[in-house]
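J.: Starting off with a structure, shown below.
The values are calculated or read from the model by the stated rules, or taken from the named source; none is laboratory data. Predicted model only: the values in this text are computed from it and were never measured. Heads up, the Cβs are rebuilt from the backbone with ideal geometry, glycines too, and the neighbour counts pull from every protein chain shown. For accessibility, only protein heavy atoms count, side chains too; no ligands or nucleic acids. Shrake-Rupley method; radii C 1.70, N 1.55, O 1.52, S 1.80 Å.
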Amino acid sequence: MRSEAVPLKPSTPEAIQALADNTLKQIAAIYAAHHIEANAVQQQMLASHVRAMAARSLTGEALPEVEAELFEDISPETMALAQQVVDLFGNLPKEEAWLLSVHIEVAKSNEA
């Protein structure tokens, strides 16, 4: 799969972490607005994924091929929230939202 990511900034570990931290703050606001509460393990897994997304955004590294059918059970609301986060990066493909949606969907299940 070709990546749509085009390096925008220096891809030092510090730059990657700064982008990830900024994105995680914005995700926290999205979670709060939608009353989504992730537990500690879910937060750690999300942080790891967001760091990887930040690295791909800054380096232009391609995401391995992802099959859309794997995400058919994700709710449209969750997919929209995931796409909102991916849009923050400005240069990542829609497949990133598919992967991120799983983190959101799992955190939403804590509400039940």
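J.: By how many degrees, 0 to 90 and rounded to 10, does the Cα axis of helix 40-59 deviate from the longest principal axis of the chain?
T.: 30
J.: Modelling each spin label as a point 7 Å along the Cα-to-Cβ direction, I'd like the Met45/Ala28 distance in nm, to one decimal.
T.: Taking the simple label geometry, Met45 and Ala28 are separated by 2.1 nm.
J.: If you roll a 1.4 Å probe over the heavy atoms of the protein chains, what accessible area per residue do you get for the stretch 1-107, in Å²?
T.: 56
J.: Using Cα-Cα distances under 8 Å and only pairs 6 or more residues apart, what relative contact order does the chain have, in percent?
T.: 40
J.: Measure off 7 Å from each Cα along the Cα-to-Cβ vector at His35 and Asp73, then give the distance between these two points in nanometres to one decimal.
T.: For the pair His35/Asp73, the computed spacing is 2.5 nm.
J.: Mind ranking 49-58, 75-84, 90-99, 28-37 by how tightly packed they are, going by the mean number of other C-beta atoms within 10 angstrom, highest first?
T.: Ranking the peptides 49-58, 75-84, 90-99, 28-37 by packing returns 49-58, 90-99, 75-84, 28-37.
J.: Then there's this: Helix 94-108 versus the longest principal axis of the chain: what angle, 0 to 90°, nearest 10, using Cα atoms?
T.: Helix 94-108 and the main axis of the chain meet at about 30 degrees.
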